[in-house]
Amino acid sequence: MKPVRIAVTGAAGQISYSLLFRIAAGELLGPGKPVILQLLEIKEMAEVMTGTVMELHDCAFPLLQDVVVTDDPDVAFRDADLVFLVGAKPRGPGMARKDLLAANAGIFATQGKALNHSAKRDAKVLIVGNPANSNALIAIRNAPDLESRNFAAMTCLDHNRAVGMLARHCQVPVTDVQRIAIWGNHSLTQFPDLVHARVQGEPALERVDWDWYVKTFIPAIEQRGSEVIRLRGRSSAASAAHAALTHMRHWVFGTPPDDWASMGVLSDGSYGISEGIVYSFPVTVEEGRWQIVSGLEIDDFCRERMTVTEKELLEEREAVKALL
Ligand code: NAX
């Protein structure tokens, strides 16, 4: 069977250390699909990469047909079917989000160009590296020959965090929670929406106290990433890798019936959100194509929060406009 070519950037980093092994084990595409990993890293990480590839070989994964390691984005993305853009510069001490944006913008412009040149025309590209939404926008704008709908920023980790927290609060299995939505930016301004969510088929807000939702749940989800850093001393890695797998599985195989995923996609003006920013919406996926969930009623409470995060994304776009 023809192998699927999967490119991963930042392959020596901590998210990739979990992601690569799960892909090679068949957890992304299932047991029948051989894969070739095409791994991009900067030169300085060559030794770490060699060690990581030794470990991949030492697993003797039956599905892993080949591993390519390179510091050239064109080689990493050549004929790629699925692409995980994980690699980015981390936020340094005292570094503002704006500085992080500037530091990473160049990387995603270069990689967008290389994708345009080398990847399969229908490659699905998931942007994980932060600031993920604006990095996705930069990649889209630098890959004019690829459809913008083939790029998405990852807000699945925020979504999964919200599902987990709501399920624990209601003391139900996570499978009983549906239709959570993350709106906007993968940042502190994101809006985790329970207004449209369901628990065991009933509106979630009939199962939880409004005060708990507004004063505990929303801030906890928004700040979950920082809390993990505070406690672990490093940012979320295994949960981020799991979210990347989940996002890509939804994209390839579809979302479960009656449920949604959250994906950062190029806004088409849905729900009055400005066009031309990468904004997280609730989506459903069928036959490899996502669609923004339509027809949701947006009350003043939701609108206010959706606008705050939209405004932040517009500011980020302004900050990187030279690269768009
Ligand atoms: P690490 O710092 O462990 O790894 C990043 C790797 O990227 C490093 O090995 C670095 O050498 C490599 N890299 C840097 N520039 C590169 C380039 N031009 N080409 C290829 N590789 C390059 O970070 P890790 O914890 O793995 O996180 C990766 C990214 O994911 C970060 O930007 C992080 O902020 C972001 N996250 C995004 C999340 C999301 O939900 N969207 C959640 C988790 C995570 O915080």
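Is it true that Asp158 is within 17 Å of Ile221 (Cβ to Cβ), among the acidic types (Asp, Glu) and within 16 Å of the ligand (Cβ to nearest atom)? For Asp158, the condition - within 17 Å of Ile221 (Cβ to Cβ), among the acidic types (Asp, Glu) and within 16 Å of the ligand (Cβ to nearest atom) - is met.
Quick grid of which residues meet (1) under 24 Å from Asn135 (Cβ atoms); (2) exposed (fewer than 14 other Cβ atoms within 10 Å of the Cβ); (3) aliphatic (A, V, I, L, M):
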residue: Lys215; (1), (2), (3): no, yes, no
residue: Trp251; (1), (2), (3): yes, no, no
residue: Gly254; (1), (2), (3): no, no, no
residue: Ser267; (1), (2), (3): yes, no, no
residue: Ser270; (1), (2), (3): yes, no, no
residue: Thr309; (1), (2), (3): yes, no, no
residue: Leu313; (1), (2), (3): yes, no, yes
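A count restricted to segment 77-89 and to residues that are closer than 22 Å to Pro131 by Cα and touching a residue at least 24 places away in the same chain (Cβ under 8 Å) stands at 8. Sub-6 Å Cβ pairs linking a first residue in segment 120-141 that is within 24 Å of Ser236 (Cα to Cα) to a second residue that is among the charged types (D, E, K, R), at least 6 apart or interchain, are Ser134/Glu316, ordered by first then second residue.
For the structure I just gave you, tell me whether Asn130 is within 11 Å of the ligand (Cβ to nearest atom), of a type in the set (S, T, N, Q) and within 20 Å of Leu245 (Cα to Cα).
Details: within 11 Å of the ligand (Cβ to nearest atom): yes; of a type in the set (S, T, N, Q): yes; within 20 Å of Leu245 (Cα to Cα): yes.
When the stated conditions are applied, Asn130 passes them.
Which count do you get for residues in segment 127-176 that are assigned to a helix (DSSP H, G or I) and hydrophobic (A, V, I, L, M, F, W, C)? Of the residues in that region, 15 qualify. Residues in segment 1-18 that are within 16 Å of the ligand (Cβ to nearest atom), in a loop (DSSP other than H, G, I, E, B) and among the hydrophobic types (A, V, I, L, M, F, W, C): Ala11, Ala12.
Condition check ((1) within 20 Å of the chain's Cα centre (by Cα); (2) at pLDDT below 95) across all residues:
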| position | (1), (2) |
| --- | --- |
| Asn160 | yes, no |
| Arg168 | no, no |
| Val172 | no, no |
| Arg179 | yes, no |
| Trp183 | yes, no |
| Leu188 | yes, yes |
| Pro192 | yes, no |
| Val199 | no, no |
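Do the conditions hold for Thr70, that is, is it surrounded by 14 or more Cβ atoms within 10 Å (Cβ to Cβ), of a type in the set (Val, Ile, Thr), over 21 Å from Asp122 (Cα atoms) and touching a residue at least 24 places away in the same chain (Cβ under 8 Å)? It is true that Thr70 is surrounded by 14 or more Cβ atoms within 10 Å (Cβ to Cβ), of a type in the set (Val, Ile, Thr), over 21 Å from Asp122 (Cα atoms) and touching a residue at least 24 places away in the same chain (Cβ under 8 Å). Quick one: would you say Ser270 is out of contact with any Pro (no Cβ under 8 Å at 6 or more places or on another chain), assigned by TED's automatic domain parsing to the domain that holds Glu318, touching a residue at least 24 places away in the same chain (Cβ under 8 Å) and farther than 17 Å from Asn160 by Cβ? Yes. Checking each residue in segment 272-307 for being at negative phi, surrounded by 16 or more Cβ atoms within 10 Å (Cβ to Cβ) and of a type in the set (Gly, Ala, Ser) picks out only Ser280. A single entry from Asp211, Asp145, Asp158, Asp176 fulfils the requirement of being of a type in the set (Asp, Glu) and closer than 19 Å to Glu312 by Cα: Asp158. Exactly one residue out of Thr216, Thr284, Thr255, Thr246 is at pLDDT 95 or above, assigned to a helix (DSSP H, G or I) and either more than 30 Å from Gly13 (Cβ to Cβ) or out of contact with any helix residue (DSSP H, G or I) (no Cβ under 6 Å at 6 or more places or on another chain) (or both), and it is Thr216.
For segment 156-202, which positions are of a type in the set (Gly, Ala, Ser) and touching a residue at least 40 places away in the same chain (Cβ under 8 Å)?
Here is the first cut: in segment 156-202, the residues of a type in the set (Gly, Ala, Ser) are 162, 164, 167, 181, 184, 187, 197, 201.
Scanning segment 156-202 gives Ala162, Ala181, Gly184, Ser187.
The values are calculated or read from the model by the stated rules, or taken from the named source; none is laboratory data. Just so you know, these numbers come straight off a predicted model, no measurement behind them. Cβ coordinates were reconstructed from backbone atoms using ideal geometry, including for glycine residues, and neighbour counts include every protein chain displayed.
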